[in-house]
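**Student:** Submitted below is the structure of interest, expressed as structure tokens.
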Amino acid sequence: MRAVPPTLVHLGSPFINFRDFKFAESSAHGHRWIDIKRFRLPAEPPEDRALLAALIAHPQFRDTYDGSGVQDWPRHGGWWLDRITPDSYRAVDAATASTVIRKWAGQHGPVPEALVERMQEQVHTPIATATSTSLLGPLPEDARHDWGGIHIDFHELVLIDRPASTLTLLVAADD
């Protein structure tokens, strides 16, 4: 008998749009954004692999991040949903996770201080307090769905914070 994934409760989805901040050059925002989906863990959360499976099974995971929102379709980001498994993620430490986001955010030049502060509060602090952090690894080319090439950069982290009873799906990308 196959185990039923634990239930995650979606708490909200803060969104950081780089266009909302004043960059030195008008195009320096690079059409980038960070989508943050927060979930409450079940009362007795299982090990991390089972939580990743629960996230992948959650309706909020069905988001292609192309502006159409969460849909009932077999896609996530640029990939077919059935090609993403808990094994698609690799454990990383907080320093590695923050470096991925900082390098991506600063790739077109200096980031405005107001955006740095917002990212510190909503991205880097949760990374620092997470008890485990996973990074979506490279997927094979045949995992890309029919119009999955919309994003140039796509970075996905899953933050599990057991003391806070939260799981956060953090996607940093462009369009």
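The values are calculated or read from the model by the stated rules, or taken from the named source; none is laboratory data. Please read all numbers here as calculations on a predicted model, not as lab measurements. Here the Cβ is made from the backbone with ideal geometry for all residues, glycine too, and neighbour counts use every protein chain on show. These area figures cover heavy atoms from the full protein model, side chains too; ligands, DNA and RNA do not enter into them. Shrake-Rupley method; radii C 1.70, N 1.55, O 1.52, S 1.80 Å.
**Student:** Which value, in Å², gives the accessible area per residue of the chain when a 1.4 Å probe is used on the protein heavy atoms?
**Tutor:** On a per-residue basis, 51 Å².
**Student:** Still on this model: Determine the sum of side-chain charges near THR96: Lys and Arg each +1, Asp and Glu each -1, restricted to other residues whose C-beta is under 13 angstrom from that of THR96.
**Tutor:** Net charge in that neighbourhood comes out at +2.
**Student:** If one takes the longest principal axis of the Cα atoms in the chain, at what angle in degrees, from 0 to 90 and to the nearest 10, does the Cα axis of helix 94-105 lie?
**Tutor:** The angle comes out at about 40 degrees.
**Student:** Between helix 48-57 and the chain, what is the angle of the helix's C-alpha long axis to the longest principal axis, kept within 0 to 90° and rounded to the nearest 10?
**Tutor:** Value to nearest ten degrees: 80.
**Student:** In nm, give the distance between the simple-model label positions of LEU81 and ASN17, each being 7 Å from the Cα along the Cα-to-Cβ direction.
**Tutor:** 2.6
**Student:** Also: Could you report the accessible area of ARG90 in Å², rounded to 10, computed with a 1.4 Å probe on the protein chains as they sit in the structure?
**Tutor:** Surface open to solvent at ARG90 totals about 130 Å².
**Student:** Mind putting a number on the dipole of the chain about its Cα centre? Charges go on the C-beta only, +1 for Lys and Arg and -1 for Asp and Glu, and I need it in Debye to the nearest 20.
**Tutor:** Computed charge dipole of the chain: roughly 240 debye.
**Student:** Something else about it: Where the centre of each part is set by its Cα atoms, how far does the stretch 29-61 sit from the stretch 101-162, in angstrom?
**Tutor:** 13
**Student:** Another question about this same structure. Estimate the FRET efficiency between ARG162 and HIS31 by the formula 1/(1 + (r/R0)^6), using the beta-carbon distance for r and 35 Å for R0, to the nearest 0.05.
**Tutor:** 0.50
**Student:** Here's something else I'd like to know. Accessible area of GLU47, 1.4 Å probe, to the nearest 10 Å²?
**Tutor:** 100
**Student:** Quick check: net charge around LEU167, other residues with Cβ under 12 Å of its Cβ, Lys/Arg +1 and Asp/Glu -1? Don't skip to the end; give the middle numbers.
**Tutor:** Numbers: positive: LYS37, ARG38, ARG40, ARG162; negative: ASP48, ASP161.
Computed value for this residue: +2.
**Student:** Right, here's the next one. When the convex hull of the C-alpha atoms of the stretch 66-163 is computed, what volume per residue in Å³ does it have?
**Tutor:** With only Cα atoms used, the stretch 66-163 gives 133 Å³ per residue.
**Student:** Then there's this: State the extension gain, in nm to one decimal, for the chain segment bounded by ARG90 and THR125, taking 0.36 nm per residue of separation less the distance between their alpha-carbons.
**Tutor:** Once the chain is fully extended between ARG90 and THR125, it gains 10.6 nm.
**Student:** Additional query: Could you sort PHE154, PHE15 by their accessible area in this structure, using a 1.4 Å probe and putting the largest first?
**Tutor:** Sorted descending by solvent-accessible area, the residues read PHE15, PHE154.
**Student:** May I pose another question? Counting Lys +1, Arg +1, Asp -1, Glu -1, what net charge surrounds GLN107 among other residues with beta carbon under 11 Å of its beta carbon?
**Tutor:** Details: positive: ARG32, ARG102, LYS103; negative: ASP153, ASP174.
Net charge around GLN107: +1.
**Student:** Give me the percent of accessible area attributable to carbon and sulfur for the chain, probe 1.4 angstrom. Walk me through the intermediate numbers first.
**Tutor:** Working: 4740 of 8970 Å².
Carbon plus sulfur share of accessible area: 53 percent.
**Student:** Just from its helices, what would the mean residue ellipticity at 222 nm be for the chain, if runs of 4 or more DSSP H residues each count -39500 (n - 2.57) and the sum is divided by every residue, rounded to the nearest 500 deg cm²/dmol?
**Tutor:** Result for the chain, helices only: -5500 deg cm²/dmol.
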